[in-house]
Amino acid sequence: MTTRRGRVRMSALVLVFFVVSSIAGLAADRPGPNPKAVEEVLAGQRSEANAAWWGFDPEDSTEYLQAAINSGASRVIIPNMGQDWIVRPIFLRSNLELVLEDGTVVTAKKGEYHGKRDSVFTAQDVENLIIRGYGATIRMHKEDYAAPPYEKAEWRMGINIRGAKNVEILGLTIRDTGGDGIYLGRGTWRLHNENIVIRDVIADNNYRQGISVITVKDLLIENSVFKNTGGTNPMAGIDFEPNHRDEILQNIVVRNCVFENNKGPGIVLALANLDRWAKVSFFFENVLIKGASVGFSVTARHPDNHAAGEITVRNCLIEDTARQGIGLRYIDGDTLKVRFEDCIVHNVATSSAVPIYLEAETGMGGVIFDSVLVTDDRERPALYGAVNRMGDKEAFFDITGRIEVVNPYGARIVWAGSTKDVTIQAVHKESATIRYDRIISLAGYQVPAVEVRSETPSPPPEVIYLSDNLLSNPGFENTAEEGVPRMWTVRGRGTGAVDGWHSGAVVGSFEAARSGNVGVRMRSDNDAYYWIQQSAPVEGGQIYELSAWVKLMRPCRKVALKVEFYAGSHVGEDRREWEWLDTYGEWVNIKMQVEAPSTAQRGLVFLRLYGPGEVYYDDASFRMIEFKE
């Protein structure tokens, strides 16, 4: 008679037998060294090769994988060996389909990649290349490269494509690199990339960018996710950034992609190095940008000498960004046309800025907002237009369209500069529905629709002041010779700006007084910005309110309050609060609240003007507070 204990032991033995048999079976299915097959490949008798035929070393398989790639086979398979393929930098060639099997992981070898441009896969001056890896991963060791003995660099890429033609990158996850997940840069004899397809790719936790695009003609990126980028600027999901004036960005399509939780912008077009001889063309469609510093950013920089062309963004959702959802900067003139169609800007500028921010150097035109929805719950404009240098012509012209705004404080647009033929309308809506399945079809992002309503916000909690004003000479009445307010220091940056009260840009003035006899006037006629600052004692972990009275005398690019905290050295993150004023000749009380880091001992406060413009400041205050429950 078999006992129950005996039956349990027998069952356990059977289970072990099946597990061991299964593992042995899997191992038996995996390819191993096959000299005969290698000979046939080298003789041109086989067009398909398996890298494991050359060998596999769990500590370093570089020579085997590189030999397989160099074999001349038109198709090379990197099999799933149940262990990572550990490699030093690998170099690809033309006329190759490289297939990473499902579950295959190609990993940068620890302790290697000391070269500042060492990448896992590099393809330079090649054509007809496919890298296919559905369910496969390329990974590096981002944290290792950030400390000695490694020299700091930002070019250790997962896939480094330079001057290539007819390339497809399909299905891969590329993560933890020391640079970009994918880089499309300049080649040696083939300067530009051409006809590139990136599809079904995930770029995760890369150091500089999910993908950098330097020069390319005919690029399609679709059904891909670029997320969690962080390490060194710009830290974008995708960055289009030519290095030289002869590089190109033409016929670029980004479709059905997600840019999520990147520390920098979701999508950035940094076109500063292109001049008026360049013509760019971009089309973005069905794009989700979620959690970034800035959502969609375009910067040109060269007034009247930047690239021409068209940028179209259609059916895009931008949400949960720290600063502006859409930012257009230094796109002077109207040779570069920018168009947003059926886009949503939802819950953005959560720390500062405005939902949509336009900043011209001298004048900006040719921008269209066609059926754009902005949802917000703060008292500020949906769109703010600023200008750096006031000229003889209008700062903003030929800006058209319609922005629907769900905001309890109403819908408004503010132009800090003159306008002509600006017909864009901001229309208030009581509610709107955000349907994610209308924007994106990728699995995992088909979340339920969100209903947003223009509901009156709850009143802010009552503030209780726990200290007197911690600033010395907060009303600027205590002056030295020539009316200079004591205890305050002047700083200036930008074109022609200098530090100190002697510059004449920042002065103590009777005209600028709200109370008493003296206030501070700040004036700038170009992009120079100025501030006055003063340090005050603080207690770590406490909440403080910085406030000041300000009178706007003419349009200003920006007015801002700022606080930095110190304990010997700088501690914590700075806090800056922009004010988007459009009321002239009237005193307005502006304020911000900030918590001091636990180790803070002093707070450095700033009252700032970003020129051009003119503003008066008076009666500043910096006090410890708490909120009444």
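The values are calculated or read from the model by the stated rules, or taken from the named source; none is laboratory data. As the structure is a prediction and not an experimental result, all values here were calculated from the model. Cβ placement follows ideal geometry from the backbone for every residue including glycine, while neighbour counts extend to all protein chains displayed.
Looking at the stretch 353-361, can you tell me whether even one residue there is among the β-branched types (Val, Ile, Thr) and in a strand (DSSP E or B)? Checked against the condition, which is being among the β-branched types (Val, Ile, Thr) and in a strand (DSSP E or B), the stretch 353-361 yields at least one hit.
Looking across 467, 454, one residue alone is within 30 Å of residue 410 (Cβ to Cβ) and of a type in the set (Ser, Thr, Tyr). It is 454. Reported count of residues in the stretch 420-435, each being in contact with a Phe, Trp or Tyr (Cβ under 9 Å, 6 or more places away or on another chain) and crowded, with 18+ Cβ neighbours inside 10 Å, is 2. Checked against the criterion of being over 25 Å from the mean Cα position of the chain (by Cα) and touching a residue at least 40 places away in the same chain (Cβ under 8 Å), the stretch 364-387 has no qualifying residue. In the set (1) out of contact with any Lys or Arg (no Cβ under 6 Å at 6 or more places or on another chain); (2) under 19 Å from residue 106 (Cα atoms); (3) acidic (Asp, Glu), residue 218 fails one condition alone, (2). Screening the candidates 604, 546 for the property of being surrounded by fewer than 18 Cβ atoms within 10 Å (Cβ to Cβ), part of a strand (DSSP E or B) and at pLDDT 95 or above yields one hit, 604. For the stretch 294-314, enumerate the residues that are surrounded by 22 or more Cβ atoms within 10 Å (Cβ to Cβ) and at pLDDT below 95. Once the filter is applied, which keeps residues that are surrounded by 22 or more Cβ atoms within 10 Å (Cβ to Cβ) and at pLDDT below 95, the stretch 294-314 yields 300, 306, 307. Number of residues in the stretch 382-403 that are outside any strand (DSSP E or B) and modelled with pLDDT under 95 equals 8. Answer with yes or no whether residue 84 is among the acidic types (Asp, Glu) and either within 19 Å of residue 208 (Cβ to Cβ) or under 30 Å from the mean Cα position of the chain (by Cα) (or both). Answer is no for this residue. When 256, 251, 195, 206 are checked against the criterion of being within 21 Å of residue 170 (Cβ to Cβ), in a loop (DSSP other than H, G, I, E, B), at pLDDT 95 or above and assigned by TED's automatic domain parsing to the domain that holds residue 156, 206 stands alone in meeting it. Examine the stretch 141-149 for a residue that is surrounded by fewer than 24 Cβ atoms within 10 Å (Cβ to Cβ), of a type in the set (Ser, Thr, Tyr) and in contact with a Lys or Arg (Cβ under 9 Å, 6 or more places away or on another chain), and state whether such a residue exists. No - not one qualifying residue is present in the stretch 141-149.
Please verify whether residue 259 is under 25 Å from residue 576 (Cβ atoms) and touching a residue at least 40 places away in the same chain (Cβ under 8 Å), treating the condition exactly as stated. Yes, satisfied. Of the residues 223, 228, the single one that is at positive phi, buried (at least 18 other Cβ atoms within 10 Å of the Cβ) and touching a residue at least 60 places away in the same chain (Cβ under 8 Å) is 223. Sub-8 Å Cβ pairs linking a first residue in the stretch 140-154 that is in contact (Cβ under 8 Å) with a residue 40 or more places away in the chain to a second residue that is acidic (Asp, Glu) and assigned to a loop (DSSP other than H, G, I, E, B), at least 6 apart or interchain, are 142/176, ordered by first then second residue.
A quick yes/no check of all residues on (1) β-branched (Val, Ile, Thr); (2) within 12 Å of the chain's Cα centre (by Cα):
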site: 211; (1), (2): yes, yes
site: 221; (1), (2): yes, no
site: 229; (1), (2): yes, yes
site: 232; (1), (2): yes, yes
site: 236; (1), (2): no, yes
site: 242; (1), (2): no, no
site: 256; (1), (2): no, no
site: 266; (1), (2): no, yes
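Only a single item in (1) within 26 Å of residue 394 (Cα to Cα); (2) not in a strand (DSSP E or B) is not met by residue 294, and it is number (1). What number of residues within the stretch 607-629 are surrounded by 15 or more Cβ atoms within 10 Å (Cβ to Cβ) and outside any strand (DSSP E or B)? Adding up the residues that qualify gives 2.
Of the residues making up the stretch 332-347, those that are assigned to a loop (DSSP other than H, G, I, E, B), at negative phi and not β-branched (Val, Ile, Thr) number 3.
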